[in-house]
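Here the structure is laid out as structure tokens; the discussion comes afterwards.
The values are calculated or read from the model by the stated rules, or taken from the named source; none is laboratory data. Treat the numbers as computed from the prediction; the structure is a model and nothing was measured. Note: ideal-geometry Cβ built from the backbone for every residue, glycine included; neighbour counts use all protein chains shown.
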Amino acid sequence: MSLCELATSSPVRDKQTARCHQSAMVELQDVSKAFVLHQQGKRQLSVLENFSLSVAAGECVILRGVSGAGKSTVLRLVYGNYLLDSGEIRLHMGHHPGPFRLAAAHPRQIAAFRRRYIAYVSQFLRVVPRLPTLQVVMEPALRCGIELAEAQDRAEQLLDRLGIGRTLWGLPPATFSGGEKQRVNIARGFVAQHPLLLLDEPTASLDSRNKGVVIGLMREAKRQGAALLGVFHDEEVICQIADHVVEMEPMQNDE
Amino acid sequence: MISDTSIGMEPPILSARKLRYDYGNGKGIANLDLEVFSAEVLAVVGESGSGKTTLLKCLSTHLTPQSGSLSYRSGKGEPLDILQLSTAAKRELLRTDWGFVHQHPHLGLRMRVSAGANVGERLMANAWRHYGDIRSETGRWLDMVEVDPSRIDEAPSLFSGGMQQRLQIARNLVTRPRLVFMDEPTGGLDVSVQAKLLDLLRRLVFDLDLALVLVTHDLAVARMLADRMIVMREGEIIESGLTDQILDDPQHPYSQLLVASMLAA
Amino acid sequence: METGYNFAYLDEQSKRMIRRCLLKAVAIPGYQVPFGGREMPMPYGWGTGGMQVTAALIGKEDYLKVIDQGADDTTNAVSIRAFFENVAGVKTTTRTTEATLIQTRHRIPEIPVKAGQILVFQVPIPEPLRFIEPRETETRTMHALSEYGIMHVKLYEDIARYGHVATTYAYPVKVNGRYVMDPSPIPKFDNPKLHQSPALMVFGAGREKRLYAIPPYTDVESLDFEDFPFEPQRWEGCCALCGATGSFLDEIIIDDRGRRRYQCSDTDYCLQQQNRETSEKVEHTPSQGDPG
């Protein structure tokens, strides 16, 4: 598809500087990340080196590459799950006057920042087992200060769109099928309408109808000015939502 | 307006500096710095003997550190030097503003009086003198922790382990404390009962703006409940940070070992 | 009077020690003062605490009255009275109004005590908090810090279980707004008599070697809840012997069908009432039948 071709840029392993965008929301600059595996005789596993990237508001950037290329690592660095070795990650959000510098922030600030601004949507639902589905979905919205009625309204709409029957809303998702859990998790990711969405293959193994719904949700998020940074393997999805595709390759690590 | 520096950085509710407690044999805790904030769960993890419980006892005034400082920001916003407080003031804190949930319910409950009296005690200790009010408030809290209020007059010894633990939590929370310490609250409970308790705790922390310091050796529990985590080993903090950061990207060799040996969480 | 014993059985040094402790007890109303309890020639539980206090207080001029649950004529009362007649040679009496020193087990006389009289209570368990908190170190700390919340736990349990405060004796009181005190197993009927009493009240626990006191004219408040205020016992009947209605009545089952009658627990009071009636209306004899 021509759209895909247009959106794809060359690999960014070479010291390509981030595209300077007026309204860059996420900026990764010369980011390096290696894991030191102490259990394996301090083996050093380099995953990213001098990696730069930026995502603007209303833009969707897709990371593509074979497994082990560091796609998820980028998402996790931005989410604060992984610590940065060098370089800088700057997040420009809503009312913030200056950028939020992830590497310099106190864990508590990262937690608060996340709650307010970032949704991390993966295929896996990880919640306390006993909560009813509607609660599970509403929670991120409530946690960033959205009124109960509003949160419930949003959660119900999302569950409806994603084809989770009303009879299931009162039940904990632990009892659901894999596909249902995945859709609950997607609803959970979109409910708070965070300005930054980190998407870790949320559409993997969804049927085409639900894939369409998720694509719709991502488009709406973009229209509302959210920045989307995602890992997708599904070319169809990529074609429909990507503004920019970053090709990634695994680092050469000495064995 | 939320500024870059202020987000999530209101002053800590409890802050410890260079805490040291030595049992006299070189074991205990040393040089320990720590901050606890409102509306967050801080998990303290580490294996047995790493000093977790000693730390909890020092923070909750059950042990007096040999050196260091411990400061608590009261509800009125004024800082209290905990180590300089009189016994009376410490005990008052422990029955009003603070809570302590023991691993074994029989340490935290009076097994010879009814469930209702166990929960009501803290109210009576805070000068509640209207039986009807005490009764209804207690019933409300039993309901909140999912103990059938119709069992209000039963002895806790008739309750299951999970119910006893929830009763202990109600007993502590009934005075709306701002800071609660818990020592392995889910230890010794069935997995399904654990889940119920975890869910309850999470909800309460969120609803009541609690600061919760949770000692556990169960990383799965920490993952589900805690915003931040500290890893202890041989009386020292070897790593601290966001819970998922430490679990997903542990830096210290010992943290890596700990995470590697954990069951999928 | 027996010879070969020091006056009032105890040696002078022991009596001094007890008096010093009594002074402290009077100075800190309701506070339990430990004392060096001595062996008395009778088992614990028979009033050894009270007897030591009596021995320390009694003088040659005193009139001693001893009651056991209100009665002057039970074994315990008779024996203790005889004991002090023997070792101190003091005068004894059964008349409340006549006595200067009244040693009592579990009652306060019905006839109001006067200034100058001293009541000595025999105490089995001095610590009121122990039922809820068994640790002695902890109860002492609670007294020191006025942490008395758990005292209400006991009352709460009563109401939860029986619908009312079912504690009828040894009903806890707060003395002078400070210390919570066990008034010994007197019926709660007697609690109001502790408040602002013109007589000095001294409590002695022999087994546990504790003394405490309520000085004259001290506030003594029985603990309660706002919605379950303190209430002394009341009876439907009256004394079968003297017809009194305002006194503490013992219930006596008189046949196999469960019929019962009541009579005053305070034998001296009952006798006074009867005498007064006979002197007023010589022809009248109190009914011996079932008053109900």
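Does A:ARG115 qualify as being outside any helix (DSSP H, G or I) and in contact with a Pro (Cβ under 8 Å, 6 or more places away or on another chain)? Considered against the rule, which asks whether it is outside any helix (DSSP H, G or I) and in contact with a Pro (Cβ under 8 Å, 6 or more places away or on another chain), A:ARG115 comes out as no. Inside the range B:117-152, can you point out the residues that are closer than 27 Å to C:SER146 by Cα and not in a helix (DSSP H, G or I)? Scanning the range B:117-152 gives B:ASN126, B:ALA127, B:TRP128, B:ARG129, B:HIS130.
If I go through the range A:145-173 residue by residue, how many of them are in a helix (DSSP H, G or I), within 14 Å of chain B (Cβ to nearest Cβ) and surrounded by fewer than 18 Cβ atoms within 10 Å (Cβ to Cβ)? Break it down into steps so the answer makes sense when it comes.
Of the range A:145-173, the ones in a helix (DSSP H, G or I) are A:148-161, A:166-168, A:173.
Filter once more, keeping what is within 14 Å of chain B (Cβ to nearest Cβ): A:148, A:151, A:173.
This time we only want the ones that are surrounded by fewer than 18 Cβ atoms within 10 Å (Cβ to Cβ), so: A:148.
So the answer is 1.
Give the residues of the range A:103-116 that are touching a Leu at 6+ places or on another chain (Cβ under 8 Å) and either crowded, with 22+ Cβ neighbours inside 10 Å or at the interface with another protein chain (Cβ under 8 Å from one of its Cβ atoms) (or both), sorted by residue number.
A:PRO107, A:ILE110, A:ALA111, A:PHE113
Is it the case that C:VAL180 is in contact (Cβ under 8 Å) with a residue 40 or more places away in the chain, touching a helix residue (DSSP H, G or I) at 6+ places or on another chain (Cβ under 6 Å), more than 12 Å from every other protein chain (Cβ to nearest Cβ) and within 18 Å of C:ARG210 (Cβ to Cβ)? Spelling it out, C:VAL180 is indeed in contact (Cβ under 8 Å) with a residue 40 or more places away in the chain, touching a helix residue (DSSP H, G or I) at 6+ places or on another chain (Cβ under 6 Å), more than 12 Å from every other protein chain (Cβ to nearest Cβ) and within 18 Å of C:ARG210 (Cβ to Cβ).
Residues in the range C:123-135: is at least one more than 23 Å from C:GLY206 (Cβ to Cβ), modelled with pLDDT of 95 or more and surrounded by fewer than 19 Cβ atoms within 10 Å (Cβ to Cβ)? No; the residues of the range C:123-135 include none that is more than 23 Å from C:GLY206 (Cβ to Cβ), modelled with pLDDT of 95 or more and surrounded by fewer than 19 Cβ atoms within 10 Å (Cβ to Cβ).
Restricting attention to the range C:99-122 and to residues that are in a strand (DSSP E or B) and more than 11 Å from the chain's Cα centre (by Cα), the residue that is farthest from C:PHE189 (Cα to Cα) turns out to be C:LEU101. Summed over the range A:80-130, the residues that are free of Cβ contacts under 8 Å to residues at least 24 places away in the same chain and of a type in the set (Lys, Arg) give a count of 3. Considering only residues in the range A:80-93 that are more than 7 Å from chain B (Cβ to nearest Cβ) and within 25 Å of A:PRO202 (Cα to Cα), the one that is modelled with the lowest pLDDT turns out to be A:MET93. Residues that are closer than 15 Å to B:VAL180 by Cβ, under 19 Å from the mean Cα position of the chain (by Cα), assigned to a helix (DSSP H, G or I) and free of Cβ contacts under 8 Å to residues at least 40 places away in the same chain occur in the range B:53-74; there is at least one.
Scanning the range B:83-116 for residues that are within 12 Å of another protein chain (Cβ to nearest Cβ), farther than 24 Å from B:ARG140 by Cα and not in a loop (DSSP other than H, G, I, E, B) yields B:THR87, B:ALA88, B:ALA89, B:LYS90, B:ARG91.
Filtering the range B:219-250 down to residues that are within 7 Å of chain A (Cβ to nearest Cβ) and not charged (D, E, K, R), which residue is farthest from B:LEU56 (Cα to Cα)?
Result: B:GLN245.
For B:VAL231, the conditions (1) touching a Leu at 6+ places or on another chain (Cβ under 8 Å); (2) surrounded by fewer than 20 Cβ atoms within 10 Å (Cβ to Cβ) are fulfilled apart from (2). Name the residues in the range A:39-61 that are of a type in the set (S, T, N, Q) and either outside any strand (DSSP E or B) or farther than 14 Å from A:LEU91 by Cβ (or both), would you? Within the range A:39-61, A:GLN39, A:GLN40, A:GLN44, A:SER46, A:ASN50, A:SER52 meet the criteria.
Got a sec? Which of A:LEU134, A:LEU77, A:LEU142 is assigned to a helix (DSSP H, G or I), facing chain B (nearest Cβ under 10 Å) and in contact with a helix residue (DSSP H, G or I) (Cβ under 6 Å, 6 or more places away or on another chain)? So that I can check it myself, show each step before the final result.
Values: A:LEU134 fails: facing chain B (nearest Cβ under 10 Å); A:LEU77 fails: in contact with a helix residue (DSSP H, G or I) (Cβ under 6 Å, 6 or more places away or on another chain).
Within the list A:LEU134, A:LEU77, A:LEU142, the selection yields A:LEU142.
What number of residues within the range A:102-139 are over 16 Å from B:LEU225 (Cβ atoms) and touching a Lys or Arg at 6+ places or on another chain (Cβ under 6 Å)? Selection size over the range A:102-139: 2. In the range B:235-265, which residue that is of a type in the set (Asp, Glu) and more than 17 Å from A:HIS38 (Cβ to Cβ) is surrounded by the most Cβ atoms within 10 Å (Cβ to Cβ)? By that ranking, first place goes to B:ASP244. Do the conditions hold for A:ALA18, that is, is it among the small types (Gly, Ala, Ser), modelled with pLDDT under 85, on the phi < 0 side of the Ramachandran plot and out of contact with any His (no Cβ under 9 Å at 6 or more places or on another chain)? When the stated conditions are applied, A:ALA18 passes them. Taking the range A:220-232 as the region of interest, how many residues are without any contact (Cβ under 8 Å) to a residue 60 or more places away in the chain and over 18 Å from A:SER23 (Cα atoms)? Total meeting the criteria: 1. Listed conditions (1) over 23 Å from B:ILE246 (Cα atoms); (2) hydroxyl-bearing (Ser, Thr, Tyr); (3) buried (at least 17 other Cβ atoms within 10 Å of the Cβ) are all met by A:SER177, apart from (3). Among residues belonging to the range B:174-199 that are aliphatic (A, V, I, L, M) and under 11 Å from the mean Cα position of the chain (by Cα), point out the one that is surrounded by the most Cβ atoms within 10 Å (Cβ to Cβ). This residue is B:MET182. Considering only residues that are among the acidic types (Asp, Glu), within 14 Å of chain B (Cβ to nearest Cβ) and within 23 Å of C:LYS114 (Cβ to Cβ), which ones fall in the range C:199-226? Listed by number, the list holds a single entry, C:GLU221. For A:VAL66, the requirement of being hydrophobic (A, V, I, L, M, F, W, C), in contact (Cβ under 8 Å) with a residue 40 or more places away in the chain and surrounded by 15 or more Cβ atoms within 10 Å (Cβ to Cβ) is not met.
Just a yes or no: is a residue in the range C:171-188 buried (at least 22 other Cβ atoms within 10 Å of the Cβ) and within 30 Å of C:ARG276 (Cα to Cα)? For the range C:171-188, residues buried (at least 22 other Cβ atoms within 10 Å of the Cβ) and within 30 Å of C:ARG276 (Cα to Cα): present.
Residues of the range C:27-75 that are of a type in the set (S, T, N, Q), touching a Phe, Trp or Tyr at 6+ places or on another chain (Cβ under 9 Å) and closer than 19 Å to C:VAL113 by Cα: C:THR54 alone.
What about C:LEU155, is it free of Cβ contacts under 8 Å to residues at least 60 places away in the same chain, under 27 Å from C:SER197 (Cα atoms) and within 12 Å of chain B (Cβ to nearest Cβ)? Judged against the criteria, C:LEU155 is not a match. Can we say C:PHE84 is aromatic (Phe, Trp, Tyr), over 27 Å from C:TYR217 (Cα atoms) and at pLDDT 95 or above? For C:PHE84, the condition - aromatic (Phe, Trp, Tyr), over 27 Å from C:TYR217 (Cα atoms) and at pLDDT 95 or above - is met. Does C:LEU194 qualify as being surrounded by 15 or more Cβ atoms within 10 Å (Cβ to Cβ) and within 30 Å of C:GLU39 (Cα to Cα)? It is true that C:LEU194 is surrounded by 15 or more Cβ atoms within 10 Å (Cβ to Cβ) and within 30 Å of C:GLU39 (Cα to Cα).
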